[in-house]
Amino acid sequence: MKDSLIALSKDAIFSVRDLAPIVLVIAVFQAFVIRQPVDGLLSLIFGGVLVVAGLTCFIFGLRIALFPIGEGLAHALAKKGSAFWLFTFSFVLGFGTTIAEPSLLAVANEAASVAVDAGVIENTDDAIAGYALGLRLIVALSVGVALLLGVLRIITNWSLPLMIIAGYILVIIVTTMAPPEIVGVAYDSGGVTTSTVTVPLVTALGVGLASSLKGRNPMTDGFGLIAFASLTPILFVLLYGIVTQWR
């Protein structure tokens, strides 16, 4: 218990340190550029305290829960020697953590509104909801496939740079064929998928798997899954836009 309190206090100090530059920049601009009184100063201070507390708890929780879970499951599945369950877990992990991502939900809803303005879909609640849900499912599916590719790369020791370069070449080719209104959404989808929950779990999965396989280096082979999780949504959403346009 004592060790946990010490670790939590250290995380709080680190959180304050990390947020200090942001507070400093805002304060400087407020004092020397905007030069106006701050409305609701007490609310801002209270909100800042909540941000520090939330960030501290989040970092602490990652270290004592999410990282051990990801690494532990990767070790257990690797020792089990079943490629089927390893790939199944990787896909479900990518799909499940992405489909409920709030950032993706916001982007999907906004994309549906843009699709209505562009005349891609009808201006009805069912059409808008269906388009947004379809986009979320496509992105979640793409992250699941991304983790499959990443795990396969770790097992087979394929070259990460070659796979990433080939993937972005394919993205560039598909971009030229996709409708213009979906291109920006597709590229933004690559960013919203790397959420605060997905990143630590995926990273722990890669490091744990590389640590469990003979001849693999956790530093050189354990990382790279996030790169696939950022790449594949771009490609899948572009293809989704092409298919939707044809329909």
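Exactly one residue out of PHE29, PHE46, PHE60, PHE87 is open to solvent by 50 Å² or more (accessible area, probe 1.4 Å) and either in contact with a helix residue (DSSP H, G or I) (Cβ under 6 Å, 6 or more places away or on another chain) or within 27 Å of PHE223 (Cα to Cα) (or both), and it is PHE87.
Checking each residue in segment 111-127 for being under 24 Å from the mean Cα position of the chain (by Cα) and without any contact (Cβ under 8 Å) to a residue 40 or more places away in the chain picks out ALA112, SER113. If you scan segment 132-157, which residues turn out to be of a type in the set (A, V, I, L, M, F, W, C), surrounded by fewer than 19 Cβ atoms within 10 Å (Cβ to Cβ) and more than 21 Å from LEU235 (Cα to Cα)? The one that is of a type in the set (A, V, I, L, M, F, W, C), surrounded by fewer than 19 Cβ atoms within 10 Å (Cβ to Cβ) and more than 21 Å from LEU235 (Cα to Cα): ILE155. Can you pull out every residue in segment 54-110 that is in contact (Cβ under 8 Å) with a residue 24 or more places away in the chain and among the β-branched types (Val, Ile, Thr)? Selection gives THR56, ILE59, ILE64, ILE69, VAL92, THR97, THR98, ILE99, VAL107. Within segment 117-131, if we keep just the residues that are modelled with pLDDT under 80 and of a type in the set (A, V, I, L, M), the residue that is least open to solvent (accessible area, probe 1.4 Å) turns out to be ILE121.
Only helices (runs of 4 or more DSSP H) whose full extent lies in segment 2-83 are considered here, and the ones with at least 1 residues that are more than 30 Å from ALA210 (Cβ to Cβ) are 2-29, 41-61.
Going residue by residue through segment 100-115, is there one that turns out to be part of a loop (DSSP other than H, G, I, E, B), over 18 Å from GLU181 (Cβ atoms) and open to solvent by 30 Å² or more (accessible area, probe 1.4 Å)? Steps first, answer last, please.
Here is the first cut: in segment 100-115, the residues part of a loop (DSSP other than H, G, I, E, B) are 100-101.
Those still in the list that are over 18 Å from GLU181 (Cβ atoms) too: 100-101.
Still in the running and open to solvent by 30 Å² or more (accessible area, probe 1.4 Å): 100.
Yes.
The values are calculated or read from the model by the stated rules, or taken from the named source; none is laboratory data. Everything quoted here is computed from the prediction, not taken from an experiment. Quick reminder, even Gly has a Cβ in these numbers, built from the backbone with ideal geometry, and neighbours come from all protein chains shown. Just the protein is used for accessible areas: all its heavy atoms, side chains included, with ligands, DNA and RNA removed. Shrake-Rupley method; radii C 1.70, N 1.55, O 1.52, S 1.80 Å.
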